[in-house]
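One structure is given below, encoded as structure tokens.
The values are calculated or read from the model by the stated rules, or taken from the named source; none is laboratory data. Being a predicted model, the structure only gives us computed values, none of them experimental. A quick note on method: Cβ atoms are made from the backbone with ideal geometry, for glycine too, and the neighbour counts reach across all protein chains shown. Surface areas here come from the heavy atoms of the whole protein model, side chains and all, with no ligands, DNA or RNA. Shrake-Rupley method; radii C 1.70, N 1.55, O 1.52, S 1.80 Å.
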Amino acid sequence: MKKIFLFGLKIFYKMKQNNFYITTPIYYPSGQPHMGHAYSSILADVFARFNRNDNCKVFFLTGTDEHGLKIQKAAEKNGLEPLIYCDKISKVFKDLTKKLNLSNDDFIRTTEKRHYKAVYDLWNRLVKSGDIYLSKYKGWYSVSDEAYYASDEIVEKNGKKFSTFSGSAVEWVEEDSFFFKLSSWEKKLLEFYDKNKKFILPISRRNEVINFVKSGLKDLSVSRTSFTWGIKVPNNDKHVIYVWLDALTNYLSALNFPNTNDVLYKNFWPASLHVIGKDILRFHAIYWPAFLLAAGIKPPNRVFGHGWILSGDEKMSKSKGNILNPLEIIDTYGIDELRYYLMKEVSHGSDGSISLKSLESCINSDLANNYGNLCQRVFSFIKNNCKNKVSKTKNISNSDKRLIEQTKVLTKDLKNEMNNQNLNNYIKSVINISFLTNKYINDEEPWKLKKNNVEQMNNILHIALEQIAKISILLSPIIPNASAKVLNALNINTELKNFSFLDGKNIITDEIKIKELDILFKKITK
Ligand code: MSP
């Protein structure tokens, strides 16, 4: 009977599902992964997991961006052929997806055949629409950013030229090049931003982009002739396609574009959300929609530009040599711990400094002393005093009511916060529910009722378990391992692990039998 019910529930939810396509930026395999990469990936994974729990059909994509001069140079430095070099480093990034516990549905490499097909098709569409012409590029180029910069974006320091935007070194380039008529898309882009107010979030980034477009767009060089590592322009072997036009297309290739009848493309394009760092906003929020509009393809629904992870005051990056290695941190502290810390402590719109000291204090205060302690104390009390079984009564006290009401208030806006990428607010509210539940147990003192009022004691424990179930489901996109342990110990079927309780439903049964729960988070002591 239970099986038939769950099956029916599954079919019902499948019928009601919305589609949600989320991407991370595909990573340059030009060096080892660092915390900035981990941050971008985990952030996207949290949105992917949240939407799965929220009953969406989700497709979550990540991968590696393997062409261009930057990669060709990295391969040369390592004395390897570019593809052999990319095979090696792309694997390191693929392994990282496992270490970070990402729930990606695909991992795309831009050296794959399926990607070439998509890039050729997009290029041909742009030629056909009359948006591409042949000329000569004369100007500044940064290999490290794979970006062109105008003269007013360049500064000179000790005889060398740098981009004022990114601080990266630039070189002067003069070569034959195909151009994309970006200038003719200026007005249409502004109209597009105006119609789609949430296309770029946070708002500060949207304003930045709009001001940049308003200040005038120049045509964009979209092919290079001074090196060979890339996708060749169709019918013109001298040119390789500009790596950003190549790379951005990955979002389409993974859906089997150009086959627009493919079920993946039909279900998931336009993308719901591209999660990216602010350094690559121009490519995603200006070039990408312009290419797509010119090619007659719908632009994505949203680009969310997060800030940088800083070490002190500087962006954490290989070239700056200030990297905190995510793999070492995971080995020492655990993956849920790193995920929680990055999502809670780094404000997603702006830059955020991270350090081992603040990581440890966040683990202790929120995970070990708050959520972990709540679960442990309730589970072990029920094990020691109730033979792992608790049942609910109808007598609700004023403090029970107060906790239930406070939880309702704190959960009211959670979906909205997540759907607008306000993850910091979301986490703050959920951890606050955990804090209030701990306080409720302290105030209600169920241990004092063991002898004289077992019914009331049961009720307090039942309410505490219901709170723990809610908090665990809400935290599951962020700390999937720990919350799965708790939900398993509560015998909660994964089919029911969705947010329907936000509409006021209870999660646990009136009579509940729990399993034993191991320690979730170890307190860090020095
Ligand atoms: N290959 C391009 C993306 C192409 S998407 C079509 C790229 N790769 S990257 O490896 O350099 O960066 C990948 C992501 O990591 C970007 O979103 C970037 O903003 C992010 N981060 C890299 N360093 C970072 C920090 N220090 N902090 C936060 N994120 C930063 O760009």
* To do: Quickly run through the range 239-290 and pick out the residues that are near the ligand (Cβ under 8 Å from one of its atoms) and acidic (Asp, Glu).
  => Asp279
* Asked: Do the conditions hold for Lys408, that is, is it part of a loop (DSSP other than H, G, I, E, B), more than 19 Å from the chain's Cα centre (by Cα) and under 30 Å from Ile508 (Cβ atoms)?
  -> no
* Restricting attention to the range 405-422, does a residue exist that is open to solvent by less than 40 Å² (accessible area, probe 1.4 Å), in contact with a helix residue (DSSP H, G or I) (Cβ under 6 Å, 6 or more places away or on another chain) and farther than 30 Å from Asn51 by Cα? -> no
* Asked: So is Thr97 touching a residue at least 40 places away in the same chain (Cβ under 8 Å) and within 21 Å of the chain's Cα centre (by Cα) or not?
  -> yes
* Asked: In this structure, does Asn236 turn out to be within 16 Å of the ligand (Cβ to nearest atom), polar (S, T, N, Q) and modelled with pLDDT of 95 or more?
  -> no
* Matching residues, the range 65-111, being crowded, with 18+ Cβ neighbours inside 10 Å, touching a Pro at 6+ places or on another chain (Cβ under 7 Å) and assigned to a helix (DSSP H, G or I) -> Ile71, Gln72, Ala75, Cys86, Ile89, Ser90, Phe93, Leu96
* Asked: Which ones in the range 443-460 are open to solvent by less than 80 Å² (accessible area, probe 1.4 Å), part of a helix (DSSP H, G or I) and either under 20 Å from Val486 (Cβ atoms) or not aliphatic (A, V, I, L, M) (or both)?
  -> Glu444, Pro446, Gln456, Asn458, Asn459, Ile460
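Please tell me if Ile382 is farther than 27 Å from Asp503 by Cα and touching a strand residue (DSSP E or B) at 6+ places or on another chain (Cβ under 8 Å). Working first, answer last.
Values: farther than 27 Å from Asp503 by Cα: yes; touching a strand residue (DSSP E or B) at 6+ places or on another chain (Cβ under 8 Å): yes.
Yes: the conditions hold for Ile382.
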* **From the options Lys218, Lys197, Lys266, residue that is within 27 Å of the chain's Cα centre (by Cα), surrounded by fewer than 16 Cβ atoms within 10 Å (Cβ to Cβ) and in a loop (DSSP other than H, G, I, E, B)** => Lys197
